[in-house]
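S.K.: First the structure, then my questions, so here it is.
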Amino acid sequence: MKILTMNKIYRSFIPAALSLCIMSGLTTSCIEEYNAVLPSSESDILVVEGSILSDTTSTFYLSLTMPINSPSYKVKNISDATIQLRGTDGTTVDGKLIYEGKYDIETPKLNANTLYKVVINYDGDTYETEEMKPFPSTDIQAVEFNQKTPEDAVDILVTTAIPANPSETQYYRWTYNETYEVRPEYISYWTWADDSAKVKYNINLYPRRGWISSKGSDILASSSAYYGNNQIVQYKLYDIANNNRRLSVKYSTEVVQRSICKAEYEYEKERKKISTDMGGLFTPQPSSLPTNIHCSNSSKKVLGYVGCSLNVKRYRFFITTDQVNYVDEVKCIDKYTEGENQHYMEHINHVNGYKIWLYENNGGIESFHWTTPDCVDVRAMGATTEMPSFWK
């Protein structure tokens, strides 16, 4: 893969004017020319990520562009800005800094006939999005999975509902939230008491089940242009390798779908391409990305596209391990100790963080099997022992 310098990035993407669809209502739009040229000398350009979502928390991330060879830990997140939601009906909601670079706006239920925008103040400049009417979202008809052969990964597929206007191209953006159940590889009732140099028995020593949750790593966008009735059918969102522990017991994903306008789709599509080609969302964003944000008091550039949604659609589904071919490749260490010097070794193993998974005493001769904590305790995998409310 060819790595580009910052100046080459700006020159390598076509610095042509882009025709963007800037939404002025639910059904009407105008064509506006966007000059994508950025001087190669410019740096520290504000990058805005996030969308206005009705009746929920709208999260925004603020950062600055950086040279492509900069270490990821030197990402220039912004924590001294202010961000505010404003509506033409007088709505005003201040955002709150959650942690470095992340801001939340507790967004009220949006009015379909009101225009909304986001205003950001940073380093003496004011950045504003275009005023937007909240965009309604089409339903999700189904989320399914498919494993073509026992050796293949499990594909997660989404089908949208037929849109209200089947003759009009639809654009979508998806995110997903994963939760999966885990169980320990070894069931252990034994622990080492280093102070008394003895093994202790406790039937409730470790939990038998746990749950791990995370947000999906990708933001996905697609168009219905090549589908009949403009209904997207079995679009692959992502896949899970057949030896991934997420499939070991039970897996669930909640797919979140948002209908978007063409300009936001173009932004998400180009950003996805950049992330694939250049190694992540925190690399510099090229000047060819469309934007609906501008600096109102200077000529400074800004990158990002803020959408505005009247609602989102959610769909949760489950996969159990007996529905797929899961290959268990988890390998646990087994450190075995026995004999007259074992208590010295038990002390060493205990100090080094190993856990007993099997203890035997045959005529006074003790033997121990030790392993790493994650093989006996689901909490060591990062799991919580509280069952999610939606689990079944």
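The values are calculated or read from the model by the stated rules, or taken from the named source; none is laboratory data. Everything numeric here is computed off the predicted structure, so don't read it as measured data. Methodologically, a virtual Cβ is constructed for each residue, glycine included, from the backbone with ideal geometry; neighbour enumeration extends over all protein chains shown. Heavy atoms of the whole protein, side chains included, go into the accessibility calculation; ligands, DNA and RNA do not. Shrake-Rupley method; radii C 1.70, N 1.55, O 1.52, S 1.80 Å.
S.K.: Conditions first: (1) assigned to a helix (DSSP H, G or I); (2) of a type outside the set (Ser, Thr, Tyr); (3) free of Cβ contacts under 8 Å to residues at least 40 places away in the same chain; (4) within 30 Å of residue 195 (Cα to Cα). Residue 343 passes all but one, so which condition is the exception?
M.R.: (3)
S.K.: Turning to a different aspect of this structure: With respect to residue 338, is the statement that it is under 32 Å from the mean Cα position of the chain (by Cα), over 26 Å from residue 220 (Cβ atoms) and either modelled with pLDDT of 90 or more or among the charged types (D, E, K, R) (or both) true?
M.R.: no
S.K.: Of the conditions (1) within 23 Å of residue 195 (Cβ to Cβ); (2) open to solvent by 70 Å² or more (accessible area, probe 1.4 Å); (3) touching a Ser or Thr at 6+ places or on another chain (Cβ under 8 Å), residue 334 satisfies every one except a single condition; which number is it?
M.R.: Result: residue 334 fails condition (1) only.
S.K.: Within segment 161-179, can you find the residues that are surrounded by 22 or more Cβ atoms within 10 Å (Cβ to Cβ) and of a type in the set (A, V, I, L, M, F, W, C)?
M.R.: If the condition is that a residue be surrounded by 22 or more Cβ atoms within 10 Å (Cβ to Cβ) and of a type in the set (A, V, I, L, M, F, W, C), then 174 is the only one that fits.
S.K.: While we're looking at this one, here's another question. Read through the list (1) farther than 27 Å from residue 163 by Cβ; (2) open to solvent by less than 60 Å² (accessible area, probe 1.4 Å), then give the number of the only condition that residue 97 fails.
M.R.: (2)
S.K.: May I pose another question? Just to be sure I understand, how many residues within segment 155-190 are basic (Lys, Arg) and over 29 Å from residue 202 (Cα atoms)?
M.R.: Residues flagged as basic (Lys, Arg) and over 29 Å from residue 202 (Cα atoms) within segment 155-190 amount to 1.
S.K.: Mind counting the residues in segment 75-94 that are assigned to a loop (DSSP other than H, G, I, E, B) and either open to solvent by less than 80 Å² (accessible area, probe 1.4 Å) or in contact with a Gly (Cβ under 9 Å, 6 or more places away or on another chain) (or both)?
M.R.: The qualifying residues number 6.
S.K.: Of all residues in segment 167-213, which are basic (Lys, Arg) and closer than 30 Å to residue 320 by Cα?
M.R.: 173, 183, 208, 209
S.K.: On to the next question. Residues of segment 75-117 being over 25 Å from the mean Cα position of the chain (by Cα) and on the phi > 0 side of the Ramachandran plot, which ones?
M.R.: 90
S.K.: Say we look at segment 235-287 and pick out the residues that are at pLDDT 75 or above and of a type in the set (Val, Ile, Thr); which of these is surrounded by the most Cβ atoms within 10 Å (Cβ to Cβ)?
M.R.: The extreme case among them is 260.
S.K.: Also, quick follow-up: Residue 311 versus (1) under 19 Å from the mean Cα position of the chain (by Cα); (2) at pLDDT 95 or above; (3) more than 30 Å from residue 150 (Cβ to Cβ): which is the lone unmet condition?
M.R.: (1)
S.K.: If you scan segment 89-120, which residues turn out to be within 18 Å of residue 47 (Cβ to Cβ) and of a type in the set (A, V, I, L, M)?
M.R.: Of everything in segment 89-120, those that are within 18 Å of residue 47 (Cβ to Cβ) and of a type in the set (A, V, I, L, M) turn out to be 97, 98, 105, 118, 119, 120.
S.K.: Still on this model: State yes or no: is residue 179 among the polar types (S, T, N, Q) and in contact with a helix residue (DSSP H, G or I) (Cβ under 7 Å, 6 or more places away or on another chain)?
M.R.: It is false that residue 179 is among the polar types (S, T, N, Q) and in contact with a helix residue (DSSP H, G or I) (Cβ under 7 Å, 6 or more places away or on another chain).
S.K.: Which ones in segment 101-157 are in contact (Cβ under 8 Å) with a residue 60 or more places away in the chain, among the aromatic types (Phe, Trp, Tyr) and buried (at least 20 other Cβ atoms within 10 Å of the Cβ)?
M.R.: 116, 127, 135
S.K.: Also, quick follow-up: Filter segment 180-213 down to the residues that are of a type in the set (D, E, K, R) and in contact (Cβ under 8 Å) with a residue 12 or more places away in the chain, then identify the one that is least open to solvent (accessible area, probe 1.4 Å).
M.R.: 181
S.K.: Got a sec? Which of 54, 24, 58 is touching an Asp or Glu at 6+ places or on another chain (Cβ under 8 Å) and either modelled with pLDDT of 55 or more or of a type outside the set (A, V, I, L, M) (or both)?
M.R.: Being touching an Asp or Glu at 6+ places or on another chain (Cβ under 8 Å) and either modelled with pLDDT of 55 or more or of a type outside the set (A, V, I, L, M) (or both) holds for just one of 54, 24, 58, which is 58.
S.K.: Just name the residue that is nearest to residue 255 (Cα to Cα) out of those in segment 193-213 that are out of contact with any Gly (no Cβ under 9 Å at 6 or more places or on another chain) and assigned to a strand (DSSP E or B).
M.R.: Ranking the qualifying residues of segment 193-213, first place goes to 213.
S.K.: Is it true that residue 225 is open to solvent by 50 Å² or more (accessible area, probe 1.4 Å) and of a type in the set (Gly, Ala, Ser)?
M.R.: It is true that residue 225 is open to solvent by 50 Å² or more (accessible area, probe 1.4 Å) and of a type in the set (Gly, Ala, Ser).
S.K.: Look through segment 346-392, keep the residues that are assigned to a loop (DSSP other than H, G, I, E, B) and among the polar types (S, T, N, Q), and return whichever of them is most open to solvent (accessible area, probe 1.4 Å).
M.R.: 389
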